[in-house]
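Please read the structure below before turning to the comments.
The values are calculated or read from the model by the stated rules, or taken from the named source; none is laboratory data. Predicted model only: the values in this text are computed from it and were never measured. Because the Cβ atoms are built from the backbone with ideal geometry, glycine has one as well, and the counts that use them run over all protein chains shown.
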Amino acid sequence: MKRVAHTAEMPESVASLIGSVFGLRHAPLRGRPIGEFLTDMEDVSALIVAPGDPVDAACIAELPKSIKLIASYSTGLDHVDVEAAQRRGIPVSNTPDVLTDATADIAMLLILSAVRGAGDAERMLRMGDWKGWTPHQIFGSDLAGRVLGIAGPGRIGAATALRAAAFGMRLVYWGRRQSEAMNGLGAKPLLDLDAFLEAVDVISLHLPSTPWTRRFINERTISAMRKGAVVVNTARGDLVDDEALIAALHDGRIGGAGLDVFEGEPALHPGYLTAPHVTLLPHIGSATHETRLAMGRSVFSSLQQHLCG
Ligand code: DGY
């Protein structure tokens, strides 16, 4: 039986699926000396990793020759140095497609929460500060008629736009090229970044983390947006310059934010904890039973393809 190591605990259903064909070994990587991690890699044919694992060039250089695949339990691969793996001839797989709807649901939840002030409202209740209904407590805005800007019109961006259209939002998008899926929803392509930023009431980020997209939301892009615009991020934390966003939330240039991902997570900038009009979630975009099982099936099929061929 071939042995597969996994850095993160997997759902029971996924562990039993993969364990029906491969020997499984739990080998945490985060917060552990690399030497200790490597002792777990003996006789291992594949390594299953997860977002947040530091699968960098140094780690990849030390992996034993027996490793024939690095399978990430994720769509995003920013935690893996794919080029370093390629240099060692180790393929890297991910789990595309299967988490589109779950992540778009969370993007919609954050759009609603940020625009309607649900985070502030819930905090008011939890703190025991609710004095009863008044005509002016926690004003939000109607979603209908507001402009949603999708930055990165891939599958998740288009699925978010589909949901927002059902709430009556008007759609625009920015990306490197036109998207048939977005055009099919009646979304207007605004491929000039400043034109896009000026047009949006809510911006939802669906870009991969690359050297070109890092700090996409920054002092400059915030100042190009309408006063009171809302920022939603379900993609990667480093798309946002935290200091710039927190300052803009405090002075009202940004009217609200819904964040599911954070640079350096699980740590997050402490300024978010006291910033106004913010809803914070702990990276739960793909966290449904169905989706995590589908992601596990995708990992399983990569393992079969590379180890049982
Ligand atoms: C991914 O798959 O990249 C997600 O961020 C995990 O939810």
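Things worth noting here:
- Selection status of Ala247, touching an Asp or Glu at 6+ places or on another chain (Cβ under 9 Å), surrounded by fewer than 20 Cβ atoms within 10 Å (Cβ to Cβ) and in the same structural domain as Lys68 (by TED's automatic domain parsing): no
- When we screen Ala71, Ala46 for residues that are part of a strand (DSSP E or B) and within 19 Å of the chain's Cα centre (by Cα), the only hit is Ala71.
- Apart from one condition, Val231 fits all of (1) surrounded by fewer than 23 Cβ atoms within 10 Å (Cβ to Cβ); (2) of a type in the set (Val, Ile, Thr); (3) outside any helix (DSSP H, G or I); the exception is (1).
- Test for Gly309: is it modelled with pLDDT under 95 and either among the β-branched types (Val, Ile, Thr) or in a loop (DSSP other than H, G, I, E, B) (or both): yes
- Qualifying residue in the stretch 158-179 (condition: of a type outside the set (A, V, I, L, M, F, W, C) and either within 30 Å of Ala15 (Cα to Cα) or within 16 Å of the ligand (Cβ to nearest atom) (or both)): yes
- Members of the stretch 241-270 found to be of a type in the set (Gly, Ala, Ser), under 20 Å from the mean Cα position of the chain (by Cα) and either within 16 Å of the ligand (Cβ to nearest atom) or assigned to a helix (DSSP H, G or I) (or both), listed by number: Ala244, Gly258, Gly264
- The one condition from (1) under 30 Å from Leu293 (Cα atoms); (2) assigned by TED's automatic domain parsing to the domain that holds Met295 that Arg87 does not meet is (1).
- For the stretch 83-101, a tally of residues being more than 8 Å from the ligand (Cβ to nearest atom), over 9 Å from Val55 (Cβ atoms) and either touching a residue at least 12 places away in the same chain (Cβ under 8 Å) or not in a loop (DSSP other than H, G, I, E, B) (or both) returns 12.
- Candidates in the stretch 276-300 are the residues that are closer than 19 Å to Ser204 by Cα and either more than 14 Å from the chain's Cα centre (by Cα) or more than 10 Å from the ligand (Cβ to nearest atom) (or both); of these, the one that is surrounded by the fewest Cβ atoms within 10 Å (Cβ to Cβ) is Pro282.
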